[in-house]
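The values are calculated or read from the model by the stated rules, or taken from the named source; none is laboratory data. All of these numbers come straight from a predicted model, not from anything done at the bench. Backbone-built Cβ (ideal geometry, glycine too); neighbour counts: all protein chains shown. Keep in mind that these areas ignore ligands, DNA and RNA; they rest on the heavy atoms of the full protein, side chains included. Shrake-Rupley method; radii C 1.70, N 1.55, O 1.52, S 1.80 Å.
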Amino acid sequence: MSEPTNHAPSLLEGSATRRLAAFSAPLVAANILQYVYQFVDMGVVGNVVGESGLVAVSNASAIVFIISSIAIGLMSGCTVAVGDRVGARDEQGQRRAFAASLGVALLGAAATTLAGYALAKPIFALMGVPDASLAPTAAYLEVVSLGAVGLFLLNAACAFLRAQGDSAGPLAIMAFSAVANVVLDVALIAGASLGVVGAAIATVVAQGAGAVFALWLARRRYGCARCLLRSMRDARERGKAVAAARDVLRVGAPMAVQQAVINLSYVFVTAWLNSYGPAIAAASGVGLKISTVAGLPCWGIGQAISAAVSQSIGAGMPKRAVAFARSGCLMSVVVTVCIQVAVQLGAEGLVSLFGESDRELTEAAILYLRITCSVNGVFYAAMYALDSFALSSGAPKLALANSFIDAFAVRAGLAWLLSAPLGFGFVGIYAAQAAAPVLPALIGFVYLKRWTKKNLSR
């Protein structure tokens, strides 16, 4: 097996903690920039269009975030499949896994386009979106669905780069896309007066341009990302590519379902909150956006853990895999606590970024942050880090099971119990969201302990 062309420092050498910190920092920044798409959309729409536009983007973003999360989850299979072959120094295996990942991405994008465009209006009618916001909400999702191919290919290329131990590449890609999105938002929403539809067009174009840049960068930096179609012409290679696609889906499919389940529970929550009137609906959308951004560093660190652990296992280094899991979990908790403190101190200022609002909306959004960006962040950070370890160490179904506990047993089930039978209203829904990650985090700790005992005692 030939040694792969690698332009990133090896994750398998030196201190695991220092390597993970250096590797994850650009990924954290990249995740924040990726989410800037929707954050900027909502901010510009709120300032230009007003409350009806804010409600539209808030509700549409709940579904769009599911689509984005499915793409990220599905392509996590690429990170693990390629990362395992990077650890084993199998360049041809990396090529097959990447080619298979691009095929899976195209199929996922096609399914998303068909489902999103066909179901946009029925979904938002079921969610109880106010009549004044229903048409632009559906239009936003239709446009994003039509451009889903850019989103999926963007995440496939970034997943491949992460698997190589390259975190600078995804950061450059997301910086490029974020700048493009901000410029297009201002031009299309404020300049061309396209409102909510302009925000959707800006997102799709920015993601498509980012995908082209990402695929070019992967091909330029890594030899195994070149000549993908040529290498698939041989019948035996095609058979191995099919096997590689199974490896990608073995991890990616459960993770895509996990992301869909968790974010579907947010859709249910958003629908319940719509019943409390436009002010509460808009306030909760604003609060969810801010709290999600506060949790994004966990995603970046989790992606770093997945890549580092998969490389370690591929190289036959289980002790290093455990070291990455432990240091990553601690790192995620510390970073999240610092962010939660900052959110609590600056809650009112953060809410004001979304435009001038009446006092009811502002107070409800601040209350959302007081409850959902508090001590629960410690469990959320641990849950995401430990699920990422489970994903890369051969237990994607555990991460999937955790998502059902998080989404339905706690977030949706407890929200219903607290809001209706116990009479806490929308405050009870906020409390249920805060409690959702506690049990999954504890399950993740048990799995890490058992995996460590099993694999390090040999």
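Of the candidates Met331, Met383, the single residue that is under 22 Å from Val267 (Cα atoms), among the aliphatic types (A, V, I, L, M) and buried (at least 17 other Cβ atoms within 10 Å of the Cβ) is Met383. Is there a residue in segment 150-162 that is free of Cβ contacts under 8 Å to residues at least 40 places away in the same chain, open to solvent by 10 Å² or more (accessible area, probe 1.4 Å) and of a type outside the set (S, T, N, Q)? Checked against the condition, which is being free of Cβ contacts under 8 Å to residues at least 40 places away in the same chain, open to solvent by 10 Å² or more (accessible area, probe 1.4 Å) and of a type outside the set (S, T, N, Q), segment 150-162 yields no hits at all. Of the listed requirements (1) in contact with a Pro (Cβ under 8 Å, 6 or more places away or on another chain); (2) at pLDDT 85 or above; (3) of a type in the set (A, V, I, L, M, F, W, C); (4) open to solvent by less than 50 Å² (accessible area, probe 1.4 Å), Val196 misses just one: (2). Considering only residues that are buried (at least 24 other Cβ atoms within 10 Å of the Cβ) and small (Gly, Ala, Ser), look in segment 355-380 and name the one that is nearest to the chain's Cα centre (by Cα). Result: Gly377.
The residues of segment 121-145 that are assigned to a helix (DSSP H, G or I), aliphatic (A, V, I, L, M) and under 12 Å from Asn274 (Cβ atoms), listed by number, are Ala125, Leu126, Leu134. For the structure I just gave you, tell me whether Ala56 is at pLDDT below 85, part of a helix (DSSP H, G or I), crowded, with 24+ Cβ neighbours inside 10 Å and touching a Phe, Trp or Tyr at 6+ places or on another chain (Cβ under 6 Å). No: the conditions fail for Ala56.
In a residue-by-residue description of segment 349-358, the property of being small (Gly, Ala, Ser), free of Cβ contacts under 8 Å to residues at least 12 places away in the same chain and over 30 Å from Ala159 (Cα atoms) applies to at least one position. In segment 91-108, is there at least one residue being surrounded by fewer than 20 Cβ atoms within 10 Å (Cβ to Cβ), in a helix (DSSP H, G or I), without any contact (Cβ under 8 Å) to a residue 60 or more places away in the chain and not β-branched (Val, Ile, Thr)? Within segment 91-108 (the criterion being surrounded by fewer than 20 Cβ atoms within 10 Å (Cβ to Cβ), in a helix (DSSP H, G or I), without any contact (Cβ under 8 Å) to a residue 60 or more places away in the chain and not β-branched (Val, Ile, Thr)), the answer is yes, since at least one residue qualifies.
From Ala256, Ala206, which residue is modelled with pLDDT of 90 or more, of a type in the set (Gly, Ala, Ser) and closer than 30 Å to Ala125 by Cβ? Selected residue: Ala206, the only one of Ala256, Ala206 that is modelled with pLDDT of 90 or more, of a type in the set (Gly, Ala, Ser) and closer than 30 Å to Ala125 by Cβ. As a summary of the residue check, Arg238 satisfies the conditions (1) farther than 30 Å from Gly287 by Cβ; (2) modelled with pLDDT of 85 or more except for the one numbered (2). Checking the stated criteria, Val351 turns out not to satisfy the condition of being open to solvent by 20 Å² or more (accessible area, probe 1.4 Å) and either modelled with pLDDT of 85 or more or of a type in the set (Val, Ile, Thr) (or both). Can we say Gly300 is out of contact with any Gly (no Cβ under 9 Å at 6 or more places or on another chain) and either among the small types (Gly, Ala, Ser) or part of a helix (DSSP H, G or I) (or both)? The answer is yes for Gly300.
Restricting segment 109-127 to residues that are of a type outside the set (A, V, I, L, M, F, W, C) and open to solvent by 40 Å² or more (accessible area, probe 1.4 Å) leaves a set whose member that is nearest to the chain's Cα centre (by Cα) is Tyr117. Within segment 286-334, the only residue that satisfies the criterion of being within 20 Å of Ser374 (Cα to Cα) and among the aromatic types (Phe, Trp, Tyr) is Trp299. Taken over segment 11-27, the criterion of being part of a helix (DSSP H, G or I) and surrounded by fewer than 22 Cβ atoms within 10 Å (Cβ to Cβ) is satisfied by Thr17, Arg18, Ala21, Ala22, Ala25, Pro26.
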